[in-house]
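Notes follow the structure.
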Amino acid sequence: MRESVRGRELCVDGTFASLWRPGRVTTGSVWDALAAPLLSLPQGRRGSVLLLGLGAGSAARLGRALLPEARIVGVERDPHVIKAAREHFALDALGLEVILADARGYLARGKEKFDAVLEDVFVGSGAEVCKPDWLPEPGLALAARRLRPGGLLATNSLDEGARAARALRAHVGRPTAIEVHGYDNRILAAGPAGLCAQRLRAAVAAHPILAPTLPKLRFRTLPA
């Protein structure tokens, strides 16, 4: 854990893994973009969220603010990360169900369905950070099986963005991409009827919590 001009950061093996700005919900970065597609869920379909790669809770904190009544389950494989999140990032204040497990194993073993699955799993260190070899496939296929009808699947991608988009098309639906100024990450999301770049951008602009991050975000609906 370290303090910087951005806020309180968690670095794992030299990789920037989580950010918290005490007193604020948003990060002004990738985790805002990962949680933003939750706004596309219709009323009545906002009861449960599965977060794969909990880290110190950056996306979970925003998810809790956007869906205050939702059940949020966070899966994290590193007990040291969970310990740091509880000690330095107020994780327990978010009212999550925290599961210590490998995300692939959790997806493969379980049968419970969720209204949304947010995937934020990375391995490696520093400039070598990447997705594990089971993502995008078969990981996104496994995640799609855990969705309720009309549910949302969002993934935080780097170099594998094109493959992740193909996986979303195959298993969920037409993806919408969110790019974040200053970051190589691209969020890809699919599922709810009506999810598209124009509507999601409008929802973010109208939301009092997410609107300040809007100037950093670029939305694009990808080809079907």
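Using C-alpha pairs under 8 Å with a sequence gap of at least 6, the mean separation divided by the residue count of the chain gives a relative contact order of 20 percent. Under 17 Å from a point 7 Å along the Cα-to-Cβ line of HIS181: which residues of the range 1-21 have their amide N that close? In the range 1-21, the label zone of HIS181 (backbone N under 17 Å from the point 7 Å along Cα→Cβ) covers 6. Among [x] -0.82, -1.18; [y] -0.46, -1.45; [z] -0.68, -1.17, which one is log10 I(q)/I(0) by the Debye sum over Cα atoms at q = 0.11, 0.18 Å⁻¹ computed from these coordinates? This structure yields the entry labelled [y]. Computed with a 1.4 Å probe over protein heavy atoms only, the accessible surface of the chain comes to 45 Å² per residue. Relative contact order for the range 1-134: 26 percent, from Cα pairs under 8 Å spaced at least 6 residues apart, divided by residue count. Ligands, DNA and RNA left out, the 1.4 Å accessible surface of the range 44-174 is 50% carbon and sulfur atoms. Once you reduce the range 109-170 and the range 27-91 to the center of their Cα atoms, the two points are 15 Å from each other.
Between LEU158 and GLU97, residue separation times 0.36 nm minus the direct Cα-Cα distance comes to 19.2 nm.
The values are calculated or read from the model by the stated rules, or taken from the named source; none is laboratory data. Keep in mind the model is a prediction, meaning the values are calculated, not measured. Glycine also receives a Cβ, built like all others from the backbone with ideal geometry; neighbour counts cover every protein chain displayed. Side chains included, ligands, DNA and RNA excluded: accessible areas come from the protein's heavy atoms. Shrake-Rupley method; radii C 1.70, N 1.55, O 1.52, S 1.80 Å.
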